1. List the residue pairs whose Cβ atoms are under 7 Å apart, where the first residue sits in region 184-209 and is in contact (Cβ under 8 Å) with a residue 60 or more places away in the chain and in the same structural domain as His68 (by TED's automatic domain parsing), the second is part of a helix (DSSP H, G or I) and of a type in the set (D, E, K, R), and the two are 6 or more positions apart or on different chains.
2. I'd like to check something: does region 107-118 contain any residue that is out of contact with any Lys or Arg (no Cβ under 9 Å at 6 or more places or on another chain) and among the basic types (Lys, Arg)?
3. Output the residues belonging to region 128-165 that are touching a helix residue (DSSP H, G or I) at 6+ places or on another chain (Cβ under 9 Å) and of a type in the set (A, V, I, L, M).
4. Between Gly157, Gly135, which is touching a strand residue (DSSP E or B) at 6+ places or on another chain (Cβ under 9 Å), modelled with pLDDT of 95 or more, surrounded by fewer than 22 Cβ atoms within 10 Å (Cβ to Cβ) and within 30 Å of Asp97 (Cβ to Cβ)?
5. Filtering region 42-77 down to residues that are assigned to a loop (DSSP other than H, G, I, E, B) and of a type in the set (Asp, Glu), which residue is surrounded by the most Cβ atoms within 10 Å (Cβ to Cβ)?
6. Condition first: of a type in the set (Asp, Glu) and either outside the structural domain of Trp138 (by TED's automatic domain parsing) or more than 27 Å from Gly98 (Cα to Cα) (or both). Now tell me which residues in region 34-72 satisfy that.
7. Name every residue in region 246-260 that is in contact with a helix residue (DSSP H, G or I) (Cβ under 6 Å, 6 or more places away or on another chain) and in a loop (DSSP other than H, G, I, E, B), in order of residue number.
8. Looking at region 265-304 only, could you name the residues that are over 27 Å from the mean Cα position of the chain (by Cα) and assigned to a loop (DSSP other than H, G, I, E, B)?
Amino acid sequence: MNPETPSARFGPVTVYFGEKSGKYPDGNQVIVHGGDTVVAFDTPKVANRLSAEVFDDAVDMAILGHVHEDHMCGLHRLRGKPLHVHERDVEAARSWDGLRRHFGYPDAALDAFRPKLEAEFSYAPRPDAQAYADGAEWDLGGGIRVRAVHLPGHTAGHCALVVEPHGIAFIGDIDLSTFGPYYGDATSNLGDFRRSLARLPELDAKVWITSHHKGVYTERAPFEDALRAYTARLDDREAVLLDRLRAGPQSVEALAADGLLYPAGYGTESTRAIERWTITQHLDELVASGRVVASDEGRYRLRA
């Protein structure tokens, strides 16, 4: 292991922290040592800074909590070893075409994105990825088990991975960051994310580990405070959209041009697609609740 890689141990679980507490484009690497089997949860950039003794030679299999480029960075070091991915995300791990559909950005943006993924995230498809379902369990020996809890929204297959009986929950990209929830890809879903956030405190856990930013919570009160603040970002975004509609009817394109997740005028064609899909999901909720009306011309206005 690189001596500069900080880590923390919680029973059979070791967390290797990425740069800036695993801030994107890095992440936090979780490795679980069972009596017979060693498992890596996701493989962020920090995985490539770990020694062969800690990673390549020690890890017997990997389980992805979900599929995004920053969670697949170390899979090239685990070729030939089993890889398990939730059934709703597994095609995105198996092929580039699957990952393209998973993101859902315009073709030109995706064509430009792949070289970046290969150069900066060590991306390579894993056609051997095996699908798992909600409630899947892996017996690691020594009385240690891993259980998958499906918490979709960020992606269709996003899961928490719970180490039992220790009550250690890897909650992935429910990262409790100040940015708030991300649901801007084709398989993301705002309604699912709301339901997942409501379910998260029901996990039988004593330790909560995030992929990014916050790292580890070992006390329930601070964890729940952070979860409430994170969840509140959804209402904050809704309030911004309602305020903009007070000026008069607007299209999704006009609302996206002003920015919701990112500053106005920021980014690339992919970030503009993310803005459009995020805003569309909020507008769909507002229309369903009767607070906003959609016209046949694709414009939205407040209900009088």
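1. As it stands, the answer is Ala186/Arg101; Leu190/Glu285, since those pairs meet every condition given.
2. Yes, region 107-118 contains at least one residue that is out of contact with any Lys or Arg (no Cβ under 9 Å at 6 or more places or on another chain) and among the basic types (Lys, Arg).
3. Ala129, Ala131, Val149, Leu151, Ala156, Ala160
4. After ruling out the rest, the residue left standing is Gly135.
5. For region 42-77, the residue satisfying everything is Asp42.
6. Asp36, Glu53, Asp57, listed by residue number.
7. Leu260
8. Ser289, Gly290, Arg291, Ser295, Asp296, Glu297, Gly298, Arg303, Ala304
The values are calculated or read from the model by the stated rules, or taken from the named source; none is laboratory data. Bear in mind that the values here come from a model prediction, so they are computed numbers and not experimental data. Every residue, glycine among them, receives a Cβ derived from its backbone with ideal geometry; neighbour counts consider all protein chains shown.
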